[in-house]
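Inspection log for the structure reproduced underneath, given as structure tokens.
The values are calculated or read from the model by the stated rules, or taken from the named source; none is laboratory data. Since we're looking at a predicted model, the values are computed, not measured. Because the Cβ atoms are built from the backbone with ideal geometry, glycine has one as well, and the counts that use them run over all protein chains shown. Remember, those area values only see protein heavy atoms, side chains included, never the ligands or the DNA or RNA. Shrake-Rupley method; radii C 1.70, N 1.55, O 1.52, S 1.80 Å.
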Amino acid sequence: MIHDQSGQPHPAYRMTLVVNAALGEYYGVEGTAWRNPPILNSPQQTRIVHGKRLMLFLNGHHVALVGWRTAAGAYWVSNTLSDSLSNAAMIAIAASLTKA
């Protein structure tokens, strides 16, 4: 569960995936039934990829986070702490994720 500013709980999940365990590099995939979590406020760019409107959040020139919304909730992919996934990889990962 994740709680909004008023304390209302929303179902949520997080998956942590390994990029390079030896270097301690992991990226995350998160989702919540909360349609407007603050983490997705004010994207620097948006792109439409395969019909999905992706919100891009940058750390300099690197994509640090890619988010999107559906009728069911909000989702995002977060890059490693060192932004080791390329911009193209971050966008491709987000574009490929679908609900099972």
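The accessible area of residue 78, taken with all protein chains in place and a 1.4 Å probe, comes to roughly 20 Å².
Note on the stretch 27-100: dipole from Cβ charges, positive end direction compared against 63, 79, 31; the farthest Cα belongs to 31. Please work out the Cα center distance from the stretch 62-85 to the stretch 5-43, rounded to the nearest Å. That distance is 8 Å. Cα axis of helix 87-96 to longest principal axis of the chain: angle in degrees, 0 to 90, nearest 10? Taking Cα atoms only, the helix is inclined about 40 degrees.
Among residues other than residue 35 with Cβ under 12 Å from its Cβ, the summed charge is 0 (Lys and Arg +1, Asp and Glu -1). Annotation: residue 83 carries an accessible surface of approximately 20 Å², with a 1.4 Å probe and no ligand, DNA or RNA atoms counted. Note on residue 23 and residue 96: with the Förster distance fixed at 30 Å, the Cβ-Cβ geometry gives a FRET efficiency of about 0.80. The Rg/Rh ratio for the stretch 13-71 is 1.00, where Rg is the radius of gyration of the alpha carbons and Rh is the Kirkwood radius. With a Förster radius of 30 Å applied to the C-beta separation of residue 33 and residue 86, the computed FRET efficiency comes to 0.50. For the chain, what log10 I(q)/I(0) values come out of the Debye formula at q = 0.22, 0.24 1/Å, with one point per alpha carbon and no solvent? Scattering profile of the chain, log10 relative to I(0): -1.19, -1.34.
Residue 1 exposes around 150 Å² of accessible area when a 1.4 Å probe is run over every protein chain in place.
For the chain, give the percent of accessible area contributed by carbon and sulfur heavy atoms, probe 1.4 Å, rounded to a whole number. It is 56 percent, rounded to a whole number.
A helix-only calculation puts the chain at -3000 deg cm²/dmol for mean residue ellipticity at 222 nm, using -39500 (n - 2.57) for each DSSP H run of at least four residues, averaged over all residues.
Normalised per residue, the accessible area of the chain is 59 Å², obtained with a 1.4 Å probe and no contribution from ligands, DNA or RNA.
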